[in-house]
Structures are given as structure tokens and as C-alpha cells.
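Following: one structure in C-alpha cells, then a few remarks.
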């Protein structure tokens, strides 16, 4: 009987050991190489298949017990588009002393593609796991293509994000969205009609969505870097939203 008990203990320990030493995926392994260090970092990460993509991020004070997190989705374009977007709009509009801002590269795809959805969800999952991010204080924002992506994640992943800030977007939505949104649109937007966006916002609000809709009277679609003031006001809205969480 004691021999059988010993065998059972051995296999139990073996199973525990194997479970705790499971190899990390390629995407998670690449994420763990990011150092928690105050300031801006530009990194190359991998997806599950080992394909590389770029991210740029900013860490606030590294002595905090908990971080807030904002995923910033850039407008259409390849190359250094993600970096330009981050430097001219996302960072000056969202930077504070307690929020990590991550702007991943979209790889010339819509943010609603399987590749980009998996990428964004993984970034959030790993940030919670390795950086002590408060899961109640995670938001997504974006401009143009990234604005549509913000709508998409708000609609389809309210369990992941607690708020969204779509800017200069064109997203047909008439249903209730489960998280609050702060929607920004220029009245001189020559690419995405402010009239259509206003109508979709109205219908979604009538369905029960919590949406703050702000229009800029003077800016066009291709003046994305000039929306810093509007984004700063959206950031104030977000911090008030998170104040009691």
C-alpha cells in the first residue's frame, strides 16, 4: 500500500512539474523581453507563428503598484506610420504618470482582421500578467482605421476594455455597446462623413450605449496630428471614468 502511495505521489509531482514549466508561445516569449523601464521603447515582437511586428510604448513611473493601459491604434499605412501616430497624437494626448501606452503596428491591415485582433488581445493579456496592469482600467483608442478598430473592440471585446475613444471613424453601428465611448469627429472630414457618424452614434445611443460625441469645427481628416487637444479632453473624461474603479 505504501509503495502504491509513493508511486501516486511521484506522478502527481511529475504532472505538477510539467504543468508549471510549459513552454511559452512565441508571442508571449517575445513580450517578456520588454523591460519595465520609464520612458519610450520601440520593440520588435512576434505573433504565435513567429512573424515579427513593431510596437512603440511609453512607461510612466515604474514605482507604481498598478498601471493603467491604453492600446493606441494608428491610422492606415505601413512602415513607420505607427511611430508617427504615436509621437504626434497618442503620446502627447494621453501621457500621464500612471498609464502605459502601447501603439502596435497594424501591418497594413484593418484592425478587425484575425491577426490584429489576436495581437491586441495578447498585448492586453500579457500586460496584465507581467506589468501588473489593472484589468479594470484598460482602454482602446484610435484614429481613422484605428478609430474603426476602437469601435470594433468596444463592440466585440467589452470584457477586455472598459472604455474606447474612436477618432475620425466610420463604423456602422446601431446596437448597444457594453462600454462607454468618447467619439471625436471633425466637421470638415472629407473622408468619413460626420453626418453618417452622427447618425450611427444617435442610433447606438438610442439602443442604450453610453456615448459622448464631440465634433471639431475646423479640422479635416488628414490633420490627425492636430487633434491633440481633443484627445487630451478625452483623456480627462477617461480618468474621471476610472476614478471610482
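Rule-based calculations on the coordinates, nothing more; no lab input. Quantities reported herein were computed from a predicted structural model and do not represent experimental measurements. Backbone-built Cβ (ideal geometry, glycine too); neighbour counts: all protein chains shown.
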Take every Cα-Cα pair in the range 109-245 and report what % of them are more than 20 Å apart.
44 percent
Helix 114-131: angle to the longest alpha-carbon principal axis of the chain, degrees 0 to 90, nearest 10?
60 degrees
Please list 101-109, 171-179 highest first by mean number of surrounding beta-carbon atoms within 10 Å per residue.
101-109, 171-179
May I ask for the angle, rounded to the nearest 10°, between helix 2-20 and the longest principal axis of the chain, with both axes built from Cα atoms and the value confined to 0 to 90°?
30 degrees
Packing-based ranking, highest mean first, of 123-131, 39-47 given that Cβ atoms within 10 Å are counted
123-131, 39-47
Relative contact order of the chain, defined on C-alpha pairs under 8 angstrom at six or more residues apart (%)
15 percent
Mind giving me the FRET efficiency for residue 226 and residue 130? R0 is 25 Å, r the Cβ-Cβ distance, nearest 0.05 is fine.
0.10
Measuring from the longest principal axis of the C-alpha atoms of the chain, the long axis of helix 145-156 (C-alpha) lies at a number of degrees, nearest 10, equal to 60 degrees
Which order do the peptides 239-245, 160-166, 114-120 come out in when sorted by mean C-beta neighbours inside 10 angstrom, highest first?
160-166, 114-120, 239-245
Between residue 245 and residue 52, what is the spin-label point distance in nm, taking each point 7 Å from the Cα along the Cα→C-beta axis?
3.4 nm
How many angstrom lie between the C-alpha centres of the range 187-245 and the range 124-159?
17 Å
Of [x] 201; [y] 156; [z] 253, which is the value of volume of the Cα convex hull per residue in Å³ derived from the coordinates here?
[y]
With r defined as the distance between the Cβ atoms of residue 112 and residue 210 and R0 fixed at 35 Å, what FRET efficiency is calculated, to the nearest 0.05?
0.95
